[in-house]
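Nothing in this text is a laboratory measurement; each read-out follows from the coordinates by a stated rule. Values in this document were obtained by computation on a predicted structure and should not be read as measured data. Counting neighbours? That spans all protein chains shown, and the Cβs are built from the backbone with ideal geometry, glycine included.
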Amino acid sequence: MSHTSPPHDDITQALAQDRLGIPGLLFFVMSAAGPLVNVAGVLTLAYAVTGNVGLPSAFIVLGLLLALFAVGYVTMSRHIPHAGAFYAYISRGVSGAAGCSAAWISLLSYNGLQIALYGGVALGAPALGSQYLGVDLPWWVYALLLWALVAVLGVFRVDVNGRVLAVLLVIEVTVIVIYDVAFLAHPAHGYAVQMLSPTTFLKSGAGAIAAIAVLGFMGFESSAVYAEESRRPRRTVPLATYLAIAVIAVLYGGSAWALGVTTGADKIVAESQPPAGGGLVFSLAGRYLGSGLGTLGQVLLMTSLAAMLISIHNTTARYAFALGRERVLPGFFGSTSASGAPRAGSLTQSALGLITILIFAIGGFDPLVGLFYTGGVAGALGIIALLLASSVAVVLFFRPDRRGETLWHTVLAPILATIGLGVVLVLVLANFATLLGVDSGSPLRWGIPAAFLVVAVAGWAYGIGLRARRPQIYAAIGLGAQSSAGQEVVQPAPAHFLPGPVAQDGPGQPWPRPPIA
């Protein structure tokens, strides 16, 4: 691919190149997964609601499935480096209209995940402030402080964000490992090896526990979003993706096992029941390591939320940039600052977050149930659906021409991943009420999946409208940097793209005509 240098002014149409190596990209991906949020919150929740002690093996099984998905996913990233990964892959593999549908689902899902995290400060920030600072402040004050941090970092260079995430993540993972070692050093009744057996996981409650476990991996897919900003992306993106999946599987699976070992496999379900179960990890750490390390974990839970917000904020802003660059969203989203940050997308994200915090604060709504849990689970549902659609897109993209890739990378692994992810999506939908923490008769049970379906259909219809009314823009869907003015189109567009003459879509923004495949 050829690139032209962006103009040296305040606004450009290119993300900063060569900013992230493997460590930097891994920090973004792992931070989005929120290790301490999952270890301290999701693990005990999984034990409590499913009663299944096979959670450690569930993470290993799901990790293997997602690694299988990653085979085709990172292969696509080598041929289509794009800041809107799901959108681009589905556009190029299925159709431009399907890509628009994926774009709308991506924006809804990542926005849901990011904004929901502001409600997570209610998990501990007010209590910590009261106990250690002597101030009794409502949750939304802490949420606004966190919002300000994320908003400022969002307009900085991507590598500046990466350095902040590196510090937070290293401390966070180090504390988790210290906790796990302490737990394993104090077994209740031996080392409960049955918890590591897949047969234990496949007993009663397997569907719900698989659904909860897969939520813990959310964020690994964001590696491809940074392909345009990575050094040697053909190597960096695959390695960061596989490393993230492996680390998440081992870290979460090992922590789930350590919790079961120290409480006893026969007691972990009872110990995880709310309300005490929410603080089980920290109370055990205080017992074995002293109150100081237990308190440190509670503080790091808040920094883990901050790291998740920074990472997902950056991912969502880049999706908006990618869609603005191709005029699927208004063109101003396709501009970046001189530092290469997607400024318009970032500021829009910050505005949405601020509005949501103020609505919940003024309305007196529950930030944990109404925002953190509901928004987080809803966002994860959309990401799982996009993983499934992307696997299908890989097969279709390489069907006419494997482009030098192996049968395993382009056909076999993606087909197996499609089957596996289809099963996971069914399990998530079947256990959606459990994941939300509501009764099966709650309107949210089917209302949230139905809302995603409506958005998907609306996005598809929008794409069809583009094809009819603005065929030049439709033809450039999924082309990434090649769609920008002044970029040379060197990759052929797939057959479903409509050719069209160069047309003006705004002042000075000619759209190239892709060659007919």
#### Entry: Within segment 243-260, backbone nitrogen closer than 19 Å to the virtual label 7 Å beyond the Cα of residue 232 toward Cβ
243-244
### Task
Using a 10 Å cut-off on Cβ atoms, rank the peptides 130-139, 274-283 from the highest mean neighbour count down.
274-283, 130-139
### Task
Answer with one residue from 286, 360, 407: the one whose Cα lies farthest towards the positive end of the charge dipole of the chain, charges on Cβ with Lys, Arg +1 and Asp, Glu -1.
407
### Task
For every helix of n ≥ 4 consecutive DSSP H residues, a contribution of -39,500 (n - 2.57) applies; sum these over the chain, divide by its total residues, and give [θ] at 222 nm rounded to the nearest 500 deg cm²/dmol.
-20500 deg cm²/dmol
### Task
Obtain the nm distance between the two label points defined at residue 174 and residue 135 by a simple spin-label model: each point lies 7 Å from its Cα along the Cα-to-C-beta direction.
2.7 nm
### Task
Grab the Cα-Cα distance for residue 361 and residue 202, subtract it from 0.36 nm times how many residues apart they are, and report the gain in nm with one decimal.
53.0 nm
### Query
According to the square roots a ≥ b ≥ c of the eigenvalues of the Cα gyration tensor, what is the shape class of segment 330-404, taking rounded for a/c under 1.5, prolate for a/b larger than b/c otherwise, and oblate for the remainder?
oblate
### Query
Using alpha-carbon pairs under 8 Å, 6+ residues apart, how would you state the relative contact order of segment 167-262 in percent?
51 percent
### Query
More than 18 Å apart: what percent of Cα pairs in segment 293-429 qualify?
72 percent
### Message
Could you tell me the center-to-center distance, by alpha carbons, between segment 202-249 and segment 265-279 in angstrom?
### Response
27 Å
### Message
Tell me whether the chain comes out rounded, prolate or oblate; compute the Cα gyration tensor, take square roots of the eigenvalues as a ≥ b ≥ c, and use a/c under 1.5 as the rounded threshold.
### Response
prolate
### Task
Find the relative contact order for the chain and round it to a whole percent, using C-alpha pairs within less than 8 Å whose residues are 6+ positions apart.
31 percent
### Query
For segment 385-456 and segment 42-108, what is the separation of their Cα centres, given in Å?
8 Å
### Message
At a 10 Å Cβ-Cβ cut-off, how would you order 302, 30, 76, 195, fewest neighbours first?
### Response
302, 195, 30, 76
### Message
List the residues, sorted by chain then number, that are 5 or more residues from residue 230 or on another chain and whose placed amide H is less than 5 Å from its amide H.
### Response
18, 19, 20
### Task
Tell me the label-point distance for the pair residue 332, residue 186, using the 7 Å Cα-to-Cβ offset, in nm and rounded to one decimal.
5.6 nm
#### Entry: 20 Å cut-off, amide nitrogen to a point 7 angstrom out along residue 399 Cα→Cβ, residues in segment 74-107
74-77, 79-80, 86-102
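Can you give the FRET efficiency for residue 351 and residue 276, using 1/(1 + (r/R0)^6), R0 = 51 Å, r = Cβ-Cβ distance, to the nearest 0.05?
Values: r = 39 Å, r/R0 = 0.76.
E(calc), rounded to 0.05, equals 0.85.
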### Summary
Scoring segment 253-357 by relative contact order with C-alpha pairs under 8 Å, at least six apart, yields a percentage of 13 percent
### Query
Put a dot 7 Å past each Cα toward the Cβ at residue 291 and residue 246; how far apart are the dots in nm?
4.2 nm
### Task
Can you grab the distance from the C-alpha centre of segment 135-155 to the C-alpha centre of segment 321-371, Å, no decimals?
15 Å
### Query
Is the shape of segment 238-343 rounded, prolate or oblate, going by the alpha carbon gyration tensor and its root eigenvalues a ≥ b ≥ c, with a/c under 1.5 for rounded and a/b larger than b/c for prolate?
prolate
### Message
As I understand it, the dipole of the chain uses +1 on the Cβ of Lys and Arg and -1 on the Cβ of Asp and Glu, about the Cα centre. Which of 23, 299, 52 lies farthest toward its positive end?
### Response
23
### Task
Kindly state, to the nearest 0.05, the FRET efficiency for residue 149 paired with residue 453, given R0 = 35 Å and r defined as their beta-carbon distance.
0.50
### Summary
Note on the chain: helices (DSSP H) long enough, at least 18 Å by alpha carbon along their axis, and hydrophobic enough, mean Kyte-Doolittle at least -0.5, are 55-79, 96-119, 139-154, 158-184, 233-263, 291-325, 343-363, 374-398, 413-430, 443-469
### Query
Once Lys and Arg get +1 and Asp and Glu get -1 on their Cβ, which of 36, 94, 118 lies farthest toward the positive end of the dipole of the chain?
94
